[in-house]
Every structure is written in structure tokens, then in C-alpha cells.
Amino acid sequence: MKRILPLVAVLLLPPLAAQAEPTFCTARINARDVPLAYDPKEPGLRDHFSRREILFTSWGRDTCPSYVVLRSLTPDLTDQERGPFCLRHDKASDSIIGYDLGRRDAYGRCEAPAKTVCQRVNQTKNAAVAITGAAARGAIKGAQSLPDGSGAVILSGSQGYVAGALSSIGGAAAAVAASPAIMAGAAVSVVAVGGAVYACRE
């Protein structure tokens, strides 16, 4: 499993001149304490926190709200585009070990036991455009467009099926089909969202 390197991120979206002082917090990622920061007065940010999580993060070692953690792991996505993802929590290390597809619980973690870990597999938007375009035309059998407003298209199946479907599109999508993240998994989900492609595998 590819390990996620510790991140130090200041998640301030508007210009610094208009910012309040950032709130610093600590996230437990891959059994390490990782410092993060965010603007607590950012409009709409608290809509992503449950009351239970606000209480949970006010004490203890893990003080970062889950959405701040998810943002740090998926910096290229908007909040809306993060809709399909949840945080994968490892009980043994009591830490976040990545993100997966699925519904979130009150702490932003995967509501059902996570079976895969997702990672970005391309650096350009060409593959995402090709996959979403092919899905819209009905050229990829079994591709699912999520109705949650994220714009995500998900293709799931065996490694052979997913690689074959992507190869049939050609171009940048075919290059994704040959990526190690897809070739190494028996069962794979490929997510095209926000100009990026993610592979989720066991």
C-alpha cells in the first residue's frame, strides 16, 4: 500500500489580506501527528462538521476536523468534487491511512468498512475529460455518473475489465490503464472527477 507522506498545509482560500488568523490543528495520518491549519471563518466550512465532530476535535490528540484532513489529502479537488470520498481509518494505528469511496460517518470516516485506498494516477486533465466524455456517450459499459453534484464518473470491476475499458478509449485514458495503481489490483475502481483520475484498489 502506498504510504501518504506527512503534509503541512495551510488551507486558506481567499487572499491573505482578508484572512483571520489561521487555526492550527493536528491530524493523525499514517501513525504520525501532522500539523495542518485552516481558516475557521471561511464561509460554509462549518457546514461540513457535525456537532459530534466539533466536540470530538476539541480534546485529544486528533484535533483537525475531518474535512480539513480530506482537503489536505485531495488538494486538487473542490469541496463539491470531494463528495464521493471518505477518510479511511485504521483502528490499529488509530490514524487516517488514506481516502476511499463511500458515505461518511459523523467523523468524516468511511461509514462502511473501507476496502480500498484511492490515489491520484494522472497529472493532467486529459484522461479525466476522456473518461467522462466516453461515459456521457455511453461508450463505457458500467460507468456510473454520481448524482451528488460532484461530477464524478466511476468505473468499477476487475483489473482486466477496467484496464480494457480505459484502453478502448485510447489516448490519455489508455495511459491510465497501464498505471501501476490499476495493474496491481485485482478489483479496481477508477474515479474521474475535477480534471483528475483516481484509482481505488485493495
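Every number in this text was worked out from the coordinates using simple rules, so none of it is lab data. The structure presented is a predicted model; accordingly, all values stated were derived computationally and were not measured. Neighbour counts run over all protein chains shown; Cβ positions are idealised from the backbone, glycine included.
Considering the Cα trace of the range 72-149, what is its radius of gyration and what is Dmax, both in angstroms?
Rg, Dmax (Cα atoms, Å): 14.3, 44.
At what distance in nm do the modelled label points of Asp47 and Asp76 sit from each other, each positioned 7 Å from its Cα along Cα→Cβ?
Label at Asp47, label at Asp76, 2.6 nm between them.
Putting +1 on Lys and Arg Cβ atoms and -1 on Asp and Glu Cβ atoms, find which of Ala172, Pro113, Gly157 reaches farthest to the positive end of the dipole of the range 81-175.
Ala172
Using only the Cα atoms of the range 120-201, construct the convex hull and provide its projected area averaged over every direction, in square nanometres to one decimal.
Average of the hull's projected areas for the range 120-201 equals 4.4 nm².
Treat the count of other C-beta atoms within 10 Å as a stand-in for reagent exposure and order Phe24, Phe85 from fewest to most.
In order of increasing Cβ crowding within 10 Å: Phe24, Phe85.
Which peptide among 121-128, 185-192 comes first, and what is the full order, when sorted by highest mean count of other Cβ atoms within 10 Å?
185-192, 121-128
Got a sec to turn the phi values of the range 178-191 into Karplus ³J(HN,Hα) couplings, 6.51 cos²θ - 1.76 cosθ + 1.60 with θ = phi - 60°, whole Hz, x for Gly and Pro?
So the Karplus estimates, Gly and Pro as x, are 8, 6, x, 4, 8, 5, 7, x, 6, 10, 9, 10, 10, 10 Hz.
Would you please give the FRET efficiency between Phe24 and Glu111, computed as 1/(1 + (r/R0)^6) with r the Cβ-Cβ distance and R0 = 30 Å, to the nearest 0.05?
Calculated transfer efficiency: 0.60.
Under 19 Å from the Cα of Lys91, which aspartates and glutamates turn up, not counting those fewer than eight places away in the same chain?
The reachable aspartates and glutamates, counting only those whose Cα sits under 19 Å from Lys91, are Asp33, Glu53, Asp62, Asp100, Asp105, Glu111, Glu202.
Mean 1/r over all different Cα pairs, inverted: what Kirkwood radius does the range 54-184 give, in Å?
Roughly 16.1 Å, rounded to one decimal.
Going by amide H atoms built from the backbone, whose H comes under 5 Å of the H on Ile29, apart from near neighbours?
Val34, Ile96
Could you compute the net charge surrounding Thr132? Neighbours are other residues with a C-beta less than 14 Å from the C-beta of Thr132; K and R count +1, D and E count -1.
+1
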